[in-house]
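These notes concern the structure reproduced below.
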Amino acid sequence: SALLCLVCLMGGSVVTMAAETIERTQGNILASLLQGPEGARWSKGKVGWSKGSEETACDWEGVTCDPIDGSVTELSLRGEGFATGLKATIPSDLGLLESLTIIDLEGN
């Protein structure tokens, strides 16, 4: 039973590591919206939107995730709620966020 318990613990670590990898990947994809000096200026003071942020993508300002699997489902970056509008080309990488069903960029 000790061996079984060890396997259970290791399996849990693999699941945790996979979830952390997904979070980092989602964050990298979302960060691709931050292009040039305008992107850097836009991201100042917004939770999670700085390169190297310790926040997981699901904790980023304007990002909503599925509570069960942690996948990004909504991106709401309306220009009215932010001091300056985000100016960027929408990166094709956003298509890699398979659960993303709502993108609201009004006012940008």
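Placing dummy labels 7 Å off each Cα toward the beta-carbon, the span from residue 96 to residue 59 is 2.3 nm. Between residue 65 and 73, the built amide H atoms are under 5 Å apart, and every one of these is 5 or more places off in sequence or on another chain.
Phi angles across the stretch 37-47 convert, under the Karplus curve 6.51 cos²θ - 1.76 cosθ + 1.60 with θ = phi - 60°, into 3J(HN,Hα) values of x, 5, x, 5, 5, 4, 6, 4, x, 9, 4 Hz, Gly and Pro given as x. In order along the stretch 99-108, the Karplus-derived 3J(HN,Hα) couplings, from 6.51 cos²θ - 1.76 cosθ + 1.60 at θ = phi - 60°, round to 9, 5, 10, 10, 10, 10, 10, 4, x, 9 Hz, and Gly and Pro are given as x. Spin-label point model (7 Å from Cα, Cβ direction): what's the residue 106 to residue 66 distance in nm? Rounded to a tenth, the inter-label distance reads 2.7 nm.
Here the Karplus relation 6.51 cos²θ - 1.76 cosθ + 1.60, evaluated at θ = phi - 60°, turns the backbone of the stretch 61-74 into coupling constants of 4, x, 10, 10, 10, 5, x, 8, 9, x, 7, 5, 10, 8 Hz, with x for every Gly and Pro.
Charged neighbours of residue 49, selected by a Cβ distance under 10 Å, balance to +1 (K, R count +1; D, E count -1).
No value in this document is a laboratory result; all are computed from the given coordinates. This is a predicted model, so every value here is computed, not measured. Note that we place each Cβ from the backbone using ideal geometry, even for glycine, and neighbour counts take in every protein chain shown.
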